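Asks: First the structure, which I've put down as structure tokens, then a few questions once you've had a look.
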Amino acid sequence: MRFGPNSIYGLIAFLGVIFASIIIQSTFINGVLSPYLYPDLLLVVVVYVGLRRELVEGILWTLLISYIYSLHSGFSTISSSLFMLLVLFASRYIGRNFYLLTKKEYFLGMAVPIFAQKLLLTLWLHWYDGGLFIVPIVQAITTTLCTVFVGFFMLKLLTFIDVWSQRLDASSLIGKKG
Amino acid sequence: MLEFFQGKFKELLVILTLVLVLVTVNAVHKTEDKARWYDKAIIFVTAPLQYVVNSVIKGSVRLTGDYVLVQDIKEDNKNLLKENQKLLYKLNQLTELGFENARLRNLLSLKEKLPINMISSVVIAEDVNSSFKSVRIDRGEEEGINVGMPVINYYGVVGQIIKVYSKYSDVMLVTDPNSSIDAVVQESRARGIVKGQGEPICKLKYLNRLDDVSVGYRLVTSGIEQRFPKGLAVGEVVKVNRKNYGVTQEVLVRPSVDFDKLEEVFVIKNQNI
């Protein structure tokens with residue numbers, strides 16, 4: 001964990017990204033796009049936290065994000081926390097055990113935890129349904145792809161914030177696991 | 001495998017403890033419908049921003065739509081005038097029926113229904129998770145809104161209030177996976193539960209296999225659960241799958257309300273069911 005003179009601004013910017021994501025997601029994205037194309041911006045933030053933060057700090061961020069998330073969703077706080085923690089631990093595991101250097105690797109690094117979360121959520125919500133089960137699965141796939149697409153830009157923004165606030169050393173990003 | 005678990009022991013312990021704590025808290029605190037002061041503090045920051053962004057987006061969409069539609073207005077106007085004449089004729093007939101209905105009610109000594117006290121509201125934001133279907137409206141406990149109050153619009157049932165803040169409330173829509181509404185088939189009076197699927201189409205559950213239901217039949221609230229007034233439109237049957245076995249039949253229902261175009265709603269504050 002590194003702290004520089006801009007750390008406090010970095011923290012504020014990070015919180016700003018979380019709140020901006022919530023507002024954009026609940027108004028612009030859900031108001032204009034089809035439900036099959038909703039990118040889940042906050043999941044990207046959790047993936048980033050899993051890749052770039054220590055375990056305890058990552059858990060605290062994830063719990064905060066899932067709490068804010070649940071205030072803007074029908075998802076309960078506890079369930080939201082459990083599903084978000086799944087993304088955190090999955091992305092943390094991927095970040096520590098695989099190299100994420102190329103776009104393809106980053107795509108898989110982001111897609112796997114996000115899809116795992118969406119698939120489990122779908123199973124949890126629709127396990128008792130027969131015929132309609134396939135539709136939520138398709139939706140989980142398409143929304144994961146949209147989230148990953150938007151995720152590339154969000155990861156760049158979050159990395160920029162961390163480099164600017166000196167939480168991350170720009171040179172350390174080259175060839176680094178996760 | 002063993003080495004993996006030994007190396008990750010600390011991390012696994014943290015994960016297990018967290019999951020255990022969260023599951024325990026979930027079991028103890030199942031109801032979260034009362035907003036706490038810190039919930040209100042966050043909503044106090046985000047909801048006005050949601051209101052502004054939503055207004056800008058809806059305004060832009062409406063403006064674009066108006067521009068595209070302006071070419072068809074003349075044709076629509078002609079058709080509407082014709083439609084208006086037909087409706088006036090029907091209105092006269094319905095007025096007559098209304099008087100007749102009132103007379104019959106008096107004869108049967110039925111209790112006169114109290115006027116429903118409703119409050120209008122504007123949708124300012126939608127659920128951030130595509131698996132859940134809820135919206136935020138711009139009325140809260142300051143206007144007397146409470147958890148459980150039914151929400152409707154001109155077309156029928158929208159949902160019910162699940163969380164209330166000072167100036168805002170969250171509404172669980174009919175299509176939410178956690179939503180279930182007691183309904184009757186208008187034509188045959190068969191009774192079932194309309195259950196949300198997280199999709200635009202709902203399921204009508206617990207409808208007896210022998211009950212009369214066909215595509216196009218309309219569903220209205222039964223009023224039995226005392227949440228929604230009796231007779232509000234819920235949806236229309238779009239598919240019936242009656243198998244040769246089993247007690248119930250599978251019925252799919254399209255809600256009366258188009259949730260993609262949901263802008264204004266009414267919250268029913270008191271009712272005489």
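Asks: Which one of these is modelled with pLDDT of 80 or more, among the polar types (S, T, N, Q), more than 22 Å from A:LEU64 (Cβ to Cβ) and outside the structural domain of B:LYS261 (by TED's automatic domain parsing): B:ASN84, B:ASN101, B:ASN92, B:ASN106?
Replies: It is B:ASN84.
Residue-wise test of (1) among the β-branched types (Val, Ile, Thr); (2) outside any helix (DSSP H, G or I); (3) within 11 Å of chain B (Cβ to nearest Cβ).
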{"residue": "A:LEU15", "(1), (2), (3)": "no, no, yes"}
{"residue": "A:PHE28", "(1), (2), (3)": "no, no, yes"}
{"residue": "A:GLY31", "(1), (2), (3)": "no, no, yes"}
{"residue": "A:VAL45", "(1), (2), (3)": "yes, no, no"}
{"residue": "A:TRP61", "(1), (2), (3)": "no, no, no"}
{"residue": "A:TYR67", "(1), (2), (3)": "no, no, yes"}
{"residue": "A:GLN117", "(1), (2), (3)": "no, no, yes"}
{"residue": "A:THR122", "(1), (2), (3)": "yes, no, yes"}
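Asks: Out of A:PHE19, A:PHE14, A:PHE28, report the one residue that is surrounded by fewer than 21 Cβ atoms within 10 Å (Cβ to Cβ), under 21 Å from A:PHE160 (Cα atoms) and free of Cβ contacts under 8 Å to residues at least 60 places away in the same chain.
Replies: So the residue among A:PHE19, A:PHE14, A:PHE28 that is surrounded by fewer than 21 Cβ atoms within 10 Å (Cβ to Cβ), under 21 Å from A:PHE160 (Cα atoms) and free of Cβ contacts under 8 Å to residues at least 60 places away in the same chain is A:PHE19.
Asks: I've got another one for you. Quick check on my filter: what residues within region B:185-212 are buried (at least 20 other Cβ atoms within 10 Å of the Cβ) and farther than 24 Å from B:LEU262 by Cα?
Replies: Filtering region B:185-212 for residues buried (at least 20 other Cβ atoms within 10 Å of the Cβ) gives B:185, B:190, B:192, B:194-198, B:202-204, B:207.
Scanning region B:185-212 gives B:VAL185, B:ALA190, B:GLY192, B:LEU207.
Asks: Next up: Within region A:93-110, identify whether any single residue is basic (Lys, Arg) and modelled with pLDDT of 85 or more, and answer yes or no.
Replies: no
Asks: Determine which member of the set B:ILE162, B:ILE137, B:ILE145 is touching a residue at least 60 places away in the same chain (Cβ under 8 Å) and away from chain A (no Cβ under 14 Å).
Replies: Details: B:ILE162 fails: away from chain A (no Cβ under 14 Å); B:ILE137 fails: away from chain A (no Cβ under 14 Å).
Checking each option against the conditions leaves just B:ILE145.
Asks: Just the residues that are closer than 25 Å to A:PRO35 by Cα and within 13 Å of another protein chain (Cβ to nearest Cβ), please, taken from region B:241-273.
Replies: B:GLU250, B:VAL251, B:LEU252, B:VAL253, B:PHE259, B:ASP260, B:LYS261, B:LEU262, B:GLU263
Asks: Also, quick follow-up: Take region B:176-201 and flag every residue that is more than 10 Å from chain A (Cβ to nearest Cβ), in contact (Cβ under 8 Å) with a residue 40 or more places away in the chain and not small (Gly, Ala, Ser).
Replies: Within region B:176-201, B:ILE181, B:ASP182, B:VAL185, B:VAL194 meet the criteria.
The values are calculated or read from the model by the stated rules, or taken from the named source; none is laboratory data. Please read all numbers here as calculations on a predicted model, not as lab measurements. When we count neighbours, we look across all protein chains shown, and the Cβ atoms used for this are built from the backbone with ideal geometry, even at glycine.
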